[in-house]
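Peer 1: Let me begin by handing over the structure; questions about it come next.
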Amino acid sequence: MLRIVLAFCRLVQCTYIKQLVKLLDMLREGKSYAAVARHYGINESSVRYIKKEEKNIRTTAAVNFNTNAKRVVTVPSAADKVPSAFNASKGWFEKFKKRFGLKNVCLHGEMASADTAEAEAFVNNKFKAIIEEGGYKPEQVFNMDETALFWKRMPSRTFIMQEEAKAPGFKVHKDRLTLAMCGNAAGFMVKPGLIYRSKNPRALKNKNKDDLPVYWMYNAKAWMTKALNLDWFKNCFIPEVKCYLKGKGLDFKVLLLLDNAGGHGNDLAYDGVQIEFLPPNTTSLIQPMDQGVIRAFKALYTRNTLQHLVDAMDSDQDFSLKDYWRGYTIASCLQNIQRAIQEMKTETLKACWKKLWPEAVQNATGGSLDEVHHSAVETAVNLAKQIGGDGFNDMSPDDINALIDGDAQPLTDAELAEMTKPQSDDEREEGEEDTRDEEEGLTLGRLAAMVRMATELNC
């Protein structure tokens, strides 16, 4: 029995490798990343990751399928060392599938019908029934998804990143935050939730967090937890949506769609709000925020960061790129986040609901999210050439896309260990303002919080 199980596992591994080779062959034939992603039902970023691993994948294929090696890979010369046979453990294989988003390939070699069928069933049956029974309008249906953002990172070939990599101590380009992006089927975006590793960064000293363009949250790992999800839901989502619907003259009757991420608790509840979880393994197919919104936002953020740099360079005759980048703080990041959100037009945001709710976007006009993304990337490349220097002069769209897609790459064990270890005294002094002597009583911050709660009650 064990031999049969092992043989079956081997067959599954071989089938996935064959699919990877077919995917790479499509790219060699000149098909675009977007076209290949649509064909396999995966994200474009996954296709780019697979392309980066082409050499290893084709070598593995040559070893495992030596009878067909000439068809899929160049046969190594006698002088080359023949690699040993590839034997993946079950844990490695599962991580490999998760890393590259390979959820839709089945044993007969075509895209698996399981996830696609479940997504179609949800769209055509359950979701349609929820909309009809609840009588929801596009303004009342929301989706939230979170994404990581390495807010102070440039393409790896730039001299800024090269020098920072050699420097001892905390690597600022590894400093990440989490954004909770939420919008409705009418193209309205709720104020983003932002999770950072510090409660009071020095760059935000004396700033009222209620005036920030994001809803500020924090924990040591800077990622979404069930407690922070509940915080965002009650203190950001509910008041924002109440006032939005009141301004539209609509009842507070809301449908909020979430995926099954570990940080999304099942204890979210509020009178007038229906919570619905999307089926597992369908987010890349039907979740609105996953249909290009987040990727377009990151392209705009990257372009805005480079534009901010060029503007500073033009206005200062003694400009130093290293000094500027050292002074690029989380406050600068928030400005570029705000600008990127503002640049995403209502009609463009509506288009991301087409797969889940096509009836709501029948008359959508304006540029697609792909067009927004490609335009931002092209502008970013031109701005990089204006900056000049190693890694900027010859920057390509692939460099920008690798930077954007790098945010979606799973964290390594070493990165997780670095994020969770206690901060040094120098890092605490640099990053966070001491709040031990915080003023007691009615501070401006507490007064603003009271005003916000009063506004919510009036809405």
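Peer 1: Among the residues of the range 286-297, how many are open to solvent by 10 Å² or more (accessible area, probe 1.4 Å), touching a strand residue (DSSP E or B) at 6+ places or on another chain (Cβ under 7 Å) and either closer than 14 Å to SER375 by Cα or of a type in the set (A, V, I, L, M, F, W, C) (or both)?
Peer 2: Number of matching residues: 1.
Peer 1: In addition: Please pick out the residue among ASN125, ASN143 that is of a type in the set (S, T, N, Q), closer than 18 Å to LYS355 by Cα, buried (at least 16 other Cβ atoms within 10 Å of the Cβ) and modelled with pLDDT of 95 or more.
Peer 2: Of the residues listed, the single one that is of a type in the set (S, T, N, Q), closer than 18 Å to LYS355 by Cα, buried (at least 16 other Cβ atoms within 10 Å of the Cβ) and modelled with pLDDT of 95 or more is ASN143.
Peer 1: Let me ask another. So, of the residues in the range 234-268 that are among the hydrophobic types (A, V, I, L, M, F, W, C) and closer than 22 Å to PHE122 by Cβ, which turns out to be surrounded by the fewest Cβ atoms within 10 Å (Cβ to Cβ)?
Peer 2: Checking each candidate, the answer is ALA261.
Peer 1: A further question follows. So which residues in the range 220-233 are of a type outside the set (Ser, Thr, Tyr), within 19 Å of the chain's Cα centre (by Cα) and open to solvent by less than 50 Å² (accessible area, probe 1.4 Å)?
Peer 2: If the condition is that a residue be of a type outside the set (Ser, Thr, Tyr), within 19 Å of the chain's Cα centre (by Cα) and open to solvent by less than 50 Å² (accessible area, probe 1.4 Å), then ALA222, MET224, LEU228, ASN229, TRP232 are the ones that fit.
Peer 1: Which residue, of ALA180, ALA167, is at pLDDT 95 or above and of a type in the set (Gly, Ala, Ser)?
Peer 2: Within the list ALA180, ALA167, the selection yields ALA180.
Peer 1: So which residues in the range 43-61 are under 20 Å from ASP115 (Cα atoms) and open to solvent by less than 20 Å² (accessible area, probe 1.4 Å), if there are any at all?
Peer 2: Within the range 43-61, SER45, SER46, VAL47 meet the criteria.
Peer 1: Being at pLDDT below 90 and under 26 Å from SER46 (Cβ atoms), is that true of even one residue in the range 357-365?
Peer 2: Yes.
Peer 1: With a cut-off of at least 2 residues that are closer than 22 Å to LEU356 by Cβ, name the strands (runs of 3 or more DSSP E) lying wholly within the range 201-288.
Peer 2: The qualifying strands (runs of 3 or more DSSP E) are 254-258, 273-277.
Peer 1: It is to be established whether one or more residues within the range 202-214 are in contact with a strand residue (DSSP E or B) (Cβ under 9 Å, 6 or more places away or on another chain), polar (S, T, N, Q) and either on the phi > 0 side of the Ramachandran plot or modelled with pLDDT under 95 (or both).
Peer 2: Looking through the range 202-214, none of the residues is in contact with a strand residue (DSSP E or B) (Cβ under 9 Å, 6 or more places away or on another chain), polar (S, T, N, Q) and either on the phi > 0 side of the Ramachandran plot or modelled with pLDDT under 95 (or both).
The values are calculated or read from the model by the stated rules, or taken from the named source; none is laboratory data. Note that this is a predicted model, so its numbers are computed, not measured. Positions of Cβ are backbone-derived with ideal geometry, glycine not excepted, and every protein chain shown enters the neighbour counts. Side chains are part of the model used for accessible areas, which takes the heavy atoms of the whole protein and leaves out ligands, DNA and RNA. Shrake-Rupley method; radii C 1.70, N 1.55, O 1.52, S 1.80 Å.
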